[in-house]
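Read-outs: derived from the displayed coordinates by stated rules, not from any lab. Since we're looking at a predicted model, the values are computed, not measured. Cβ: placed from backbone, ideal geometry, glycine included. Neighbour counts: every protein chain shown.
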Amino acid sequence: MLVIGAGLFVAAVGGIVGAAQAATAERAPFGKLADGTRIDAVTLTGANGVSATIISFGATLQSFKVPDRNGKIADIELGYDTLEEYVARPNYWGATIGRYANRIAGGHFELDGKSYQLPLNDNGVNSLHGGSMGWDRLPWRIVSVTQGKVASVKLEITSPAGDQGYPGTVHATATYSLDDAGNLVIDYDATTDAPTIINMTNHAIVNLAGEGAERGVLGERLTVPASRFTPVNAKLIPTGEMRPVAGTVFDFTKGRVIGDGIRDGKDQQIVYGRGYDHNFVLDAGLTAQPKLAAKLEDPQSGRVLEVLSTEPGVQVYTGNFLDGTYVGKAGHVYRMGDGIALEPQRFPDTPNHPAFGSAELVPGKPYHHRMIFRVSTTR
């Protein structure tokens, strides 16, 4: 592989992305789609050994390698080794999700007095993650690859009006940037030529012990600075309530081991989700600068992952629908609890719940979501 590009990508994250030695970017072929479209992989590497590989199919984080407390590198991102597997058995892992992340009830919403119907790709009852051909299943164009104090790759996609039932032509970009301190910054931006809705996130499913590790994530410790969550019905659609987490298995405000509550069938919400598959209402709300949305710690490896975001919610999903039929990297069979997704977002089904705020995107007012995966270790 050849190192591509030169120059400097300047990122202002309130001191999060600081001085570095030299982060590198390498671009290489990752395969071709059936129509001949070439898919490339760009690997960003920092001086501390952290690396992230992004493929242009779905603007997907295909690999995220980080050291443990002893310097041993492991890939913590669940996924596949080949493009053919991503195409044949899609499961969102690591992908950029759009137009609308999470579920929309009945695939239906109204905007400016008009009614819109989206594909019912969630068990025939809801629209999930942008529809049956969401942005996770499409090729993105690589706009630029840079290296220097920060290594980065920028990708873009244009979604025409009517795509998956959504109004407005939307142009979106996903920019991944890695520094030498272990900060992987993801900037999602979008514009439209007509009113529509938008909710972009990354669906990374991680295991700090390493993808495919036998012990899964149930022994890892999760902290979420949210005093409320949005309970769901049996179809995993929010009821509209924002319920206090105090005294429940959803209280992660002071940190708790994931396995402590994931099988607590006395809580109907756990039964509905088959574990955790819920949106948490972040106490800080929608912010101009990224704030902590979740912190994951693995006591055995010492790896720590902090997820920061400007969005008001974070979906916690414990891989409940991984049933052993998905064979991922290095032939690893993925099962329930083998990974966890921490997805910053607007709340699920926001277009149908005015109390949740707005997910509307209008001409002249661009959408921007900055999220950060910050990795470190503890002794």
Distance between the C-alpha centers of the range 21-68 and the range 72-105? Whole Å please.
13
Relative contact order (percent, whole number), the chain, Cα cutoff 8 Å, 6+ residue spacing:
18
Amide H proximity to Ile73 below 5 Å, modelled H, separation 5+ or other chain, gives Asp68
With springs connecting C-alpha atoms under 10 Å apart, model the chain as a Gaussian network and identify which of Tyr188, Tyr317, Tyr272 has the largest mean-square fluctuation.
Tyr272
Order these peptides, 257-265, 136-144, 27-35, 275-283, by their mean beta-carbon neighbour count within 10 angstrom, highest first.
275-283, 136-144, 257-265, 27-35
Top positive-direction residue, dipole computed over the range 2-377 with Cβ charges, set Pro299, Gln345, Gly131:
Pro299
Roughly speaking, what is the centre-to-centre gap between the range 171-224 and the range 299-378 when only Cα atoms are used, to the nearest Å?
6
For His278, other-chain or 5+-apart residues with amide H closer than 5 Å (H placed, Pro excluded) are Val316
Cβ-based exposure ranking for Lys149, Lys72, in which fewest neighbours within 10 Å come first
Lys72, Lys149
Treat every Asp and Glu Cβ in the chain as -1 and every Lys and Arg Cβ as +1, leave all other atoms uncharged, and give the resulting dipole magnitude about the Cα centre to the nearest 20 debye.
460
With x for Gly and Pro, the residue-by-residue ³J(HN,Hα) of the range 79-93, computed from phi through the Karplus equation 6.51 cos²θ - 1.76 cosθ + 1.60 at θ = phi - 60° and given in whole Hz, is x, 10, 8, 10, 4, 4, 5, 4, 6, 6, 10, x, 8, 6, 4
Note down the nm distance, to one decimal, between modelled labels 7 Å out along Cα→Cβ at Phe321 and at Arg89.
1.6
Assuming R0 = 22 Å, can you tell me the calculated FRET efficiency for the pair Arg256 and Thr378, based on Cβ-Cβ distance, to the nearest 0.05?
0.80
For Gly339, the residues 5 or more places away or on another chain with a placed amide H closer than 5 Å to its own amide H are Val217
Among His203, His171, what is the fewest-to-most ranking by other Cβ atoms within 10 Å?
His171, His203
What do the square roots of 5 times the Cα gyration tensor eigenvalues come to for the chain, in whole Å, largest first, as semi-axes of the equivalent ellipsoid?
28, 26, 20
Furthest towards positive pole of dipole, Thr158, Met200, Ala172, structure part the range 154-230, Cβ charges:
Met200
What ranking of Leu120, Leu128 emerges when the number of other C-beta atoms within 10 Å of each C-beta is taken as an exposure proxy, fewest first?
Leu120, Leu128
Shape parameters for the range 149-222, alpha-carbon atoms, Rg then Dmax in Å:
17.3, 48
Divide by every residue of the chain the summed helix terms, -39500 (n - 2.57) for each DSSP H run of at least 4, and state the resulting mean residue ellipticity at 222 nm, rounded to the nearest 500 deg cm²/dmol.
-500 deg cm²/dmol
Expected output is a single nm value to one decimal: the length gained when fully extending between Arg243 and Asp267, i.e. 0.36 nm times separation in residues minus the C-alpha distance. What is it?
7.3 nm
